[in-house]
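Visitor: Shown below is the structure under consideration.
The values are calculated or read from the model by the stated rules, or taken from the named source; none is laboratory data. In this text the structure is predicted, and so the values were computed from the model without any measurement. All Cβ positions, glycine included, derive from the backbone under ideal geometry; neighbour counts span all protein chains shown. The protein model used for the area step is the full one, side chains on, heavy atoms only, and it has no ligands, DNA or RNA in it. Shrake-Rupley method; radii C 1.70, N 1.55, O 1.52, S 1.80 Å.
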Amino acid sequence: MEPMELIALAIFIGVYGLIMSERIHRTVAAMVGASLVLLIKIVPWERVPEYLDLDTILLLAGMMVVVNVARESGLFEYIAIKTAKLSKGSPMKVLLLFSVVTAVVSAFLDNVTTVLLLTPMLLYITKKMNVNPIPFLLSEVFASNIGGTATLIGDPPNIMIGSAANLSFNEFILNMGPIALVDLFATIGIIYLAYRAEMNSHKENEEGIRMTIMSMDERDAIRDSSLFRKSIVVLIGVVIGFFFHDKLGVEPAVIALTGASILLLWSRASPEHALEKVEWATLFFFGGLFIIVGSLVETGAIAQVANWMVGHVHNEGEAILIISWFSAFSSAIVDNIPFTATMIPLIKAMGSHMNTYPLWWALSLGACLGGNGTAIGASANVVVIGIAHREGVRITFNDFLKVGMTIMITTVAIGTAIIWLRYVGL
Amino acid sequence: MGWLHDIILRKFNNIAGTRYEEILKAYQNFFLTEEELVIPEINSILLVFDRFSEKVPEEVHETLSAFEGATLRVVYVIDEGVLKMIRETLGEEAAEEFRKKDMAFAKTFLKEVEEKLGDLNIKFSRKIAFGDKAEYVEGLARKYDLIVISRHYGSETTRTHRVSPIVFRIVQHVDKPVVLY
């Protein structure tokens, strides 16, 4: 190994370690690592634009503006109250409806925002129903991660994969949508079977629970009715735009930025206020990671691992199995964003020896669904456990692991089987 | 495994700590407090209408259906002040015409309300009354355990005033629980 390659690898492992330990903010860890590889000139400055994946960063930024402006209108609280009222206080309906709504919202918005907005309502309802909130919270987390798998914009790994492999929104829907659908109902079924004894509310309280829930008025959630209507129109427009972006010949990032511009123009929302809410820390985290992974590409470390893999993997079927399961177990332990950033150049490098098209779906499957495996596997898990902790509900790492691993193995197995049947055959 | 839980909480604070506080503040407007959740014993209910009131929505019917065994008094109030004003400015004939039209409207309105309430299995009686819209309800409220009233009772409201001033006054003056719809 060349000294530069060793240094790049050391920085990469060091940053991974810092991200995992969470001793310092993951953005700071990524920025420090990126600064080092730029200072040492492992990645030459003129090559930075090549490694910075602007499609990913601008798509995330555009969606953040749209979501944050729409949030001001009370749209998401409206959805949460409406979902709660539809459930009419029945624990089974709460489980089913909140899981489905979380999955659908997560397919189009980021998972963290989705669970942040739905969890307080879910905790409130379960408290009123006097049932154990843990199965409901777990189902919400799993549904969020599964929903995010279904679309190009549902989860950051998918955005990165879509950008790197030039995959369209419709290709994601066609390949990952059916997997997500089957996985969602399999997950709800597993949760129900595991916790069915704890899902019964007391019959004598049913009327009181129903009245409490029905007393909430979703219209009260609307803080700005004009912005509420405009947000719905723009969000629907953006989603339609994603469906047609490949036919229009524009990148998904352009659709998101156009949606953000239209919403800002139409709503007259203050751009300073809207841009203040953009998660710049997340965007810089992505930027830093892309440069750090770029250093591994520059030094040839990625090419060496790819060559080793090509030498040991004999066909696409084997590659699908290895990538999906390796990605799933890795993403259960480390953040799936740096993991995907590392795997993308690796799969690209394998492209000279085999058809990588099915491998992208295997990566998406493993990286997104692997997050369900452990409590630290995905940001949505951490957020729900954090909220639960603040509200006095303790979900331990082991509590999560027992159910999460079962869900992860089941959903990845279902997904791998579907990909295998589609691209390898019986 | 406590160190893993510490990592999770640190991650939560880094990812969403401040955003969660903001979201929770927005939710506080909808979550009922423990005090609000105690359902008072309701044996008699006063349901008040006037020409500006909306029909009782399904949610209120569901709420009323929970008080099986309670008696329900349905009252339609015609503003005596308006009648007096018409009498003094346009004459007795115009006032009588207004009274007749309002009475006819009230009867049709109450008949429709009655049909809907018939499904609730609650004993009820109805009345068309003349008086000051606020004072009449305030006076009557003492005899009932629950008041049900439209937000628009007493006057048409604008988009900036979702609750009429008369309803505001009633809510401030009566010491009984009030359901606004």
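Visitor: Take the residues in the stretch B:1-32 that are at pLDDT below 80 and open to solvent by 70 Å² or more (accessible area, probe 1.4 Å); name whichever of them is nearest to the other protein chains (Cβ to nearest Cβ).
Guide: B:MET1
Visitor: Being part of a loop (DSSP other than H, G, I, E, B) and closer than 17 Å to B:THR71 by Cα is the filter; apply it to the stretch B:121-138 and report the residue that is most open to solvent (accessible area, probe 1.4 Å).
Guide: Top of the filtered list is B:ASN121.
Visitor: Follow-up question, since we're still on this one. Name the single residue that is farthest from the other protein chains (Cβ to nearest Cβ) among those in the stretch A:71-83 being crowded, with 22+ Cβ neighbours inside 10 Å and closer than 20 Å to A:ALA107 by Cβ.
Guide: That would be A:THR83.
Visitor: Quick one: which of A:ASN315, A:ASN381 is within 20 Å of A:THR27 (Cβ to Cβ) and among the polar types (S, T, N, Q)?
Guide: A:ASN381
Visitor: A further question follows. Looking only at residues that are open to solvent by 40 Å² or more (accessible area, probe 1.4 Å) and either free of Cβ contacts under 8 Å to residues at least 24 places away in the same chain or within 14 Å of chain B (Cβ to nearest Cβ) (or both) in the stretch A:2-15, which one is nearest to A:GLN304 (Cα to Cα)?
Guide: If we take residues in the stretch A:2-15 being open to solvent by 40 Å² or more (accessible area, probe 1.4 Å) and either free of Cβ contacts under 8 Å to residues at least 24 places away in the same chain or within 14 Å of chain B (Cβ to nearest Cβ) (or both), then A:LEU6 is nearest to A:GLN304 (Cα to Cα).
Visitor: Could you pull out every one of the helices (runs of 4 or more DSSP H) wholly within the stretch A:84-168 that has 2 or more residues that are within 13 Å of chain B (Cβ to nearest Cβ) and not hydroxyl-bearing (Ser, Thr, Tyr)?
Guide: Output list reads A:111-129.
Visitor: Quick check on my filter: what residues within the stretch A:46-63 are open to solvent by 20 Å² or more (accessible area, probe 1.4 Å) and in contact (Cβ under 8 Å) with a residue 60 or more places away in the chain?
Guide: Result: A:ARG47, A:GLU50, A:TYR51, A:LEU52, A:ASP53, A:LEU54, A:ASP55, A:ILE57, A:LEU58, A:LEU60, A:MET63.
Visitor: Filter the stretch A:378-405 down to residues that are of a type in the set (Gly, Ala, Ser) and free of Cβ contacts under 8 Å to residues at least 60 places away in the same chain and give me whichever is nearest to the other protein chains (Cβ to nearest Cβ).
Guide: Only one residue tops the list, namely A:GLY386.
Visitor: Follow-up question, since we're still on this one. Can you name the number of the only condition in (1) assigned to a helix (DSSP H, G or I); (2) out of contact with any Ser or Thr (no Cβ under 6 Å at 6 or more places or on another chain) that A:LEU369 fails?
Guide: Exception for A:LEU369: condition (2).
Visitor: Something else now. Which numbered condition in (1) within 14 Å of chain B (Cβ to nearest Cβ); (2) farther than 20 Å from A:ALA70 by Cα; (3) in a loop (DSSP other than H, G, I, E, B) is the only one that A:ARG223 fails?
Guide: (2)
Visitor: Please go through the stretch A:84-102 and give me each residue that is open to solvent by 10 Å² or more (accessible area, probe 1.4 Å) and not basic (Lys, Arg), ordered by number.
Guide: A:LEU86, A:SER90, A:PRO91, A:MET92, A:LEU96, A:LEU97, A:VAL100, A:VAL101
Visitor: Has the stretch B:42-52 got any residue that is aliphatic (A, V, I, L, M), outside any strand (DSSP E or B) and more than 14 Å from chain A (Cβ to nearest Cβ)?
Guide: no
Visitor: I would also like to ask the following. Looking at the stretch A:347-365, which of the residues that are open to solvent by 10 Å² or more (accessible area, probe 1.4 Å) and assigned to a helix (DSSP H, G or I) is nearest to A:VAL310 (Cα to Cα)?
Guide: A:ALA349
Visitor: Which of (1) crowded, with 18+ Cβ neighbours inside 10 Å; (2) away from every other protein chain (no Cβ under 14 Å); (3) within 30 Å of B:THR63 (Cβ to Cβ) is the odd one out, the single condition A:ILE213 does not satisfy?
Guide: Result: A:ILE213 passes all but (2).
Visitor: Now, a different point. Only one of these is farther than 29 Å from A:GLU218 by Cα, surrounded by 14 or more Cβ atoms within 10 Å (Cβ to Cβ) and either in contact (Cβ under 8 Å) with a residue 24 or more places away in the chain or of a type in the set (Ser, Thr, Tyr) (or both): B:VAL56, B:VAL77, B:VAL113. Name it.
Guide: Within the list B:VAL56, B:VAL77, B:VAL113, the selection yields B:VAL77.
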